[in-house]
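K.L.:
Let me begin by handing over the structure; questions about it come next.
The values are calculated or read from the model by the stated rules, or taken from the named source; none is laboratory data. Because the structure is a prediction, the values reported are computed rather than measured. Note that we place each Cβ from the backbone using ideal geometry, even for glycine, and neighbour counts take in every protein chain shown. For the accessible areas, the whole protein counts, side chains as well, though only heavy atoms, and no ligand, DNA or RNA atoms are used. Shrake-Rupley method; radii C 1.70, N 1.55, O 1.52, S 1.80 Å.
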Amino acid sequence: MVIRGNFKAALFDLDGVVFDTEKQYTRFWASEARRYHPEVKDLEYLIKGQTLYEILSRFFGDVSDKHHEIISRLNDFERKMTFEFVNGFEDFVGSLRAMGLKIAIVTSSNNEKMAQIYRQIPKFKPMVDIVLTADDFEESKPNPQCYLKAASIFGVEPNRCLVFEDSFNGLKAGRAAGMTVIGLTTSNSADSISSLSDYVIPDFSGLQISL
């Protein structure tokens, strides 16, 4: 697939876009849902794209005395996670940098998670220009604030930005920011995300940007 446009920046979500980790997180939150809220259908999918604070307050607010236990289990889980690039990501980002595009990671993960990724995959940090995490913005996806902040840091107009997302909340955030949205089918089906995406791809293999 070739996407044509006068783009200046590419903004990537992290889990399910850069790294193929969504299935791992789905298993973790499904376990927590069964533990505390077995009556809530598909809770592990409802939380996607939200910060940990929002997940705990919105979906586990009634068990606030258990938040420290959930966080402890999550930290243990993340320390054992594997981080593998989504197919074609490394080559694709290399091609964007060669064309002079700015690269940002815009994620609802926190700085502690990013530090772990840098330790496990040292080559990742130099691949991007900036990383914005949940610690860098007040409202998480589907609010477009995070993507608009990345564009502002780069000094790039939103309509010259590409957004790569897999979750419904992330896709909505990119669309609300007025950016070109590319949806990945790593977490949801092509049919379910097509209305929120300008383009839909399974991964980055064969994807080209033409300026």
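K.L.:
In whole Å, how far is the Cα centre of segment 1-63 from that of segment 91-130?
P.N.:
Measuring centre to centre over Cα atoms gives 19 Å.
K.L.:
State, in angstrom, two size descriptors of segment 33-150 derived from its alpha carbons: Rg to one decimal place and Dmax to the nearest whole number.
P.N.:
Using the Cα atoms of segment 33-150, the pair Rg, Dmax is 16.5, 51 Å.
K.L.:
Obtain the radius of gyration and the Kirkwood radius of segment 90-211 from its C-alpha atoms and give Rg over Rh.
P.N.:
So for segment 90-211, dividing Rg by the Kirkwood Rh gives 0.94.
K.L.:
For the chain, with every protein chain kept in place, what is the accessible area per residue (1.4 Å probe, Å²)?
P.N.:
Accessible surface, normalised per residue, equals 46 Å².
K.L.:
Taking the convex hull of the Cα atoms, report for the chain its projected area averaged over all directions, in nm².
P.N.:
Directional mean of the projected Cα hull area for the chain stands at 11.0 nm².
K.L.:
Here's a follow-up. Please state the relative contact order of the chain as a whole percent: Cα pairs under 8 Å, 6+ residues apart?
P.N.:
31
K.L.:
With the full set of protein chains in place, find how many percent of the accessible area of segment 20-60 is carbon and sulfur; take the probe as 1.4 Å.
P.N.:
Of all accessible area on segment 20-60, carbon and sulfur atoms account for 53 percent.
K.L.:
Aspartates and glutamates within cross-link reach of Lys141: Cα-Cα under 13 Å, excluding same-chain residues under 8 positions apart?
P.N.:
Straight-line reach from Lys141, under 13 Å: Asp13, Glu54, Glu165, Asp166.
K.L.:
Moving on to the next point. Only loop residues by DSSP count here, and only those with at most 10 other Cβ atoms within 10 Å; note down the trypsin sites (Lys or Arg not before Pro) in segment 123-211 that meet that. Please list the in-between numbers first.
P.N.:
Numbers: sites: Lys123, Lys149, Arg160, Lys172, Arg175; in loops: Lys123.
Those satisfying the criteria are Lys123.
K.L.:
Additional query: Which value results for Rg/Rh of segment 149-209 when Rg is the Cα radius of gyration and Rh the Kirkwood radius based on the inverse mean 1/r?
P.N.:
Looking at segment 149-209, the ratio lands at 0.98.
K.L.:
Still on this model: Separation between the Val2 and Gln116 pseudo-spin-labels, each 7 Å from Cα along Cα→Cβ, expressed in nm?
P.N.:
So the two model labels end up 4.2 nm from each other.
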